[in-house]
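Engineer: Below is the structure I would like to discuss, written out as structure tokens.
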Amino acid sequence: MKAAFKKSVILFLSLCIAIESIACGGGGYYMDYDMLFDRNILFDNGKKTTTYNAWVYNSEFYAEDSPRIQNTESWATYLENVYRKEDLERFIYRSSGVKFDKTKEQKRLRSKRMSDTDISKKETLFLDFIAYALKVEKVISDNTPDPWAEEVKEINLTDFNDRITEGKALIKAVKDDFMKERYAFQLIKLYRYSNQFEDAEKTYKTYFSNSTSLIGYWAMEHYAGILMKQNKPFEANYYFIKVYTNCPSKRESSYLSMQLDSEEDFKKTLALFTETEEKMALHYVRSMQTKALGLEDMQIISKTLGNHEYARIIMTHEINKLEKGLLTEDESDDKQDEKLLAEQLGNYTKDLIAFNEEMLAKDGEDQFWHLSLAYLYYLNGQHAKCSALLEKIHPKTPDFQKQHTIIYIVNYLGTRQTLTEIDENIIGEKLFALNGNSVSYPFLHDEREENYYETDEYNTVNQFIFRQIYKRSQTKNAFLELIFSGQTISDLQSEYLYDNDEKSEKPSELAHIDQVLNDLAKTPETTLSIYAANYFFYNYDYSRNSNLDFEQCEQQLKEFKATLLMRDPDRLQEAVAIFRELPKNMQGESIYGDPFKFDLKNPGFDRFDENRYSQPSMTKYELAKTLNELNKKKSTAKDYYNLGLAYYNTSYYGLQWKAMAYYRSSYAPNGFYSMKTAQVFFKKALAFGKLTDEQEAQIYFMLARCEQHEYTQKNGEITAYFDSNNRFSFDTYMGNMRSDGAFSNFEILDRNYRNTAFYDELINECYYFNYYIN
């Protein structure tokens, strides 16, 4: 193999998103690139437990409760379906630490019966087993080492052996094969986690050698884990594959437990199999790794099993790998690497096309292979072939229709350098049709959420398509740039703190909004621009509208502009004028509590939010009017002080932060975090004079708060340094604040206001001031 070709293969493999090594035991992975050939659609969103789909983020198939569901179904069958599965699940899976009283539990269980069938003997066996299983779980839990602990936890063998002795007696006493397997499974767990591997192996071979029951495969997975612990990876892989093939509820865990780090691992594991399907399962598992391209395994599987789901899933996975390289716009600094990579991606695309064409020749009825070939033609730049094939496909399911539509849209864009108004209307109609007039692509979201259609979550289809569309724009248009950014208005509104260098590079938000509004007025309302606007401005006010027009977009932008204007006291009149012209439901959400109120205690945001409805409220518009009137008439120290309080309380640090922002981060200041306006008003209140010592002390405390917030914005939160196990860091931080002059207002309070009642109250309530003076 030529060195250049070897290098290109390595470059290509470096792009492939999958589980880096099965032996790593990691969880799922996030598709952070454009994935337009959507596995969630093509494989029924992972809902069927008969599927071999190994993508662990299919939440419904690989949900944490999958083993619980299958286990409950097994018990329901054993108990002759006298109980509803839901009731049995709640009975079996209970909170730990609750004492199991057999008499009470029997009464509780029987209260859920659905028929009078006499299964009293089985009920007794079931209750005895649950009581024992809970004891086993406690022993294992108590002896599970903490991965973060510095010292290794010693296993209490006495605890394990007591439960083992009890389990042996119980298994000997029962005649029921189902119950014998259940007890044997508990014994294997006890032996495994107490490192008594020989006894575990003996128990497995005694009770499960020929078992094909659910619990038999669960026991097999534990046995495989023991073999892996004993440094027998090939034998362990052999049993993990059997579990993977035959037990849906343990498919994910067995997949992640295998060790296939090399070709030798693969060959030695493969040599152990006699069953054809299990051999092919091993080929499938290997193909899902980053370390190998899947074409060879796919060819072997299709030659052996024909049009098997393994082959279809591998093809999807290989296409997703190609997408990472062909659709992502990251540029390499090494042009030679870039050229080699492009060549290898092109070669591999052609190889996949050739294989796909062979599959279609063998099975022309399966629409999956039609769709995958059409998409491969698109990726390879064969737009005419893609269009011709799409015309022949008449999707048989709504899901396949969605995938067909996605391919149609991207291929249509691929044939046009610029877009006419007719083009935009065609694409817009197709995008709306994807989701029944919804702009969020539901198959990328969690269906268990009640309003999963109504979300502004990252949408890979829109992201890619919008990017391609804006490239074809012939004029610079801030409004189109915004709505085709792939983001939403919530991204625009979630402003974060930036340093002075970043600030100098960032355009004025108000100037940007003005430009967007100007360009919006010049933008024609095509179906495509309406679709993009719906996606960008998607929120709860309009979530049930399938058609958000430009007037409503303008209103949301103006409401945002008015909110930004409120932050500047000199522009309050402009904010009021904008709010006045907006519909009532757009005049800002309710602001709870009194923004003009002084509170010495640190704000409790969560508690305040829970009890907000007991507080007085006003809209943003009403608050803007009140602030504007007070700002115009200010003529006393109290007026200035109240304005200072209002601008502090509506900042990131105050309970009324929603008046000036839309989102409050818990880990970094965002939104309206500047202390400048509040400080100006507090200082003017002091300069005006005619205040009591108590009032002056309060103002200096508020200035101290502002001073400390400004310091932490540049140096990190104080709380991040306060750790009882590392007091030195906290002391160092506070010492730095003192030396940097960030306690200047504390110094004034301590020097001039010791005789005030407020000073005594401050010592009791403010930890930082107490720390400062001591």
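The numbers here are math on the coordinates, done by the rules we state, and not lab data. Since the structure is predicted, the reported quantities are computational estimates derived from the model, not experimental observations. Reconstructed Cβ throughout: ideal geometry from the backbone, glycine too, with neighbour counts over all protein chains shown.
Engineer: What spacing in nm lies between the two simple spin-label points modelled at A173 and K350, each 7 Å away from Cα in the Cβ direction?
Structural biologist: Going by the 7 Å Cα→Cβ label model, 7.3 nm.
Engineer: Run the simple label-point estimate for A577 and I422 please: 7 Å along Cα→C-beta, distance reported in nm.
Structural biologist: 4.5 nm
Engineer: Separate question: What net charge is computed for the residues neighbouring T756, neighbours being all others with C-beta under 11 Å from the C-beta of T756, Lys and Arg scored +1, Asp and Glu -1?
Structural biologist: My count for the surroundings of T756 gives -4.
Engineer: Show me the trypsin sites (Lys or Arg not before Pro) within the stretch 166-210 that DSSP assigns to loop and that have at most 15 other Cβ atoms within 10 Å of their Cβ.
Structural biologist: Details: sites: K168, K172, K175, K180, R182, K189, R192, K202, K205; in loops: K175.
When the trypsin sites (Lys or Arg not before Pro) of the stretch 166-210 are filtered for loop state and at most 15 Cβ neighbours within 10 Å, K175 remain.
Engineer: Only loop residues by DSSP count here, and only those with at most 10 other Cβ atoms within 10 Å; note down the trypsin sites (Lys or Arg not before Pro) in the stretch 586-678 that meet that.
Structural biologist: K601
Engineer: With a cut-off of 8 Å between alpha carbons and a minimum separation of six or more residues, what is the relative contact order of the stretch 74-172 in percent?
Structural biologist: Rounded, it is 25 percent for the stretch 74-172.
Engineer: How much length is gained on full extension from F608 to N585, taking 0.36 nm per residue of separation minus their Cα-Cα distance?
Structural biologist: Answer, rounded to one decimal: 5.9 nm.
Engineer: Continuing with this model, one more query. Taking 0.36 nm per intervening residue step and subtracting the Cα-Cα distance, what contour gain separates A271 from A149 on full extension?
Structural biologist: Extra length from A271 to A149 when fully extended: 39.8 nm.
Engineer: I'd like the FRET efficiency for D491 and A687, computed as 1/(1 + (r/R0)^6) with the beta carbon distance as r and R0 of 41 Å, rounded to 0.05.
Structural biologist: 0.50
Engineer: Between D261 and T304, how high is the FRET efficiency from 1/(1 + (r/R0)^6) when r is the Cβ-Cβ distance and R₀ = 22 Å? Nearest 0.05.
Structural biologist: So, using R0 = 22 Å, E works out to roughly 0.35.
Engineer: Between A433 and Y470, how high is the FRET efficiency from 1/(1 + (r/R0)^6) when r is the Cβ-Cβ distance and R₀ = 30 Å? Nearest 0.05.
Structural biologist: Efficiency at R0 = 30 Å is approximately 0.90.
Engineer: Apply the Karplus parameterisation 6.51 cos²θ - 1.76 cosθ + 1.60, with θ equal to phi minus 60°, to every residue of the stretch 135-148 and state each ³J(HN,Hα) to the nearest whole Hz, in sequence, with x for glycine and proline.
Structural biologist: Per-residue couplings from phi come out as 5, 4, 4, 5, 4, 5, 4, 5, 10, 7, x, 7, x, 9 Hz.
Engineer: Where does each of V516, V174 land when they are ranked from fewest to most other beta-carbon atoms within 10 angstrom?
Structural biologist: Ranking V516, V174 by Cβ neighbours within 10 Å, fewest first, gives V174, V516.
Engineer: Pairs K634/K683; K138/K232; K122/K205; K279/K362; K85/K168; K267/K321: which are spaced more than 19 Å apart, C-alpha to C-alpha?
Structural biologist: K138/K232; K122/K205; K279/K362; K85/K168; K267/K321
Engineer: Here's another thing I want to ask about it. Is the stretch 138-276 best put as rounded, prolate or oblate by its Cα gyration tensor, with a ≥ b ≥ c the root eigenvalues, rounded for a/c under 1.5, and otherwise prolate when a/b is larger than b/c, oblate when not?
Structural biologist: oblate
Engineer: What is the list of residues in the stretch 169-185 whose amide nitrogen lies under 19 Å from a point 7 angstrom out from the Cα of Q230, following Cα to Cβ?
Structural biologist: Residues 184-185 qualify, since their backbone N sits under 19 Å from the label point.
Engineer: Before anything else, pin down the relative contact order of the stretch 649-769: Cα pairs under 8 Å, at least 6 apart, normalised by residue count, whole percent.
Structural biologist: 21 percent
Engineer: Let me ask something additional. Once you have a ≥ b ≥ c as the square roots of the Cα gyration tensor eigenvalues for the stretch 588-773, tell me rounded if a/c is under 1.5, and otherwise prolate or oblate according to whether a/b is larger than b/c.
Structural biologist: It comes out oblate by the Cα gyration axes.
Engineer: How much length is gained on full extension from F598 to N774, taking 0.36 nm per residue of separation minus their Cα-Cα distance? Mind dumping the intermediate values first?
Structural biologist: On the way: separation 176, 0.36 × 176 = 63.36 nm, distance 2.54 nm.
Difference between extended and current length: 60.8 nm.
Engineer: Where does each of Y310, Y771 land when they are ranked from fewest to most other beta-carbon atoms within 10 angstrom? Before the final figure, lay out the partial values.
Structural biologist: Numbers: Y310 26, Y771 13.
Going from least to most buried by this count: Y771, Y310.
Engineer: Arrange the following residues from fewest to most other Cβ atoms within 10 Å of their Cβ: S473, S666, S387. Write out the running numbers ahead of the final one.
Structural biologist: Numbers: S473 13, S666 6, S387 18.
By the 10 Å Cβ count, ascending: S666, S473, S387.
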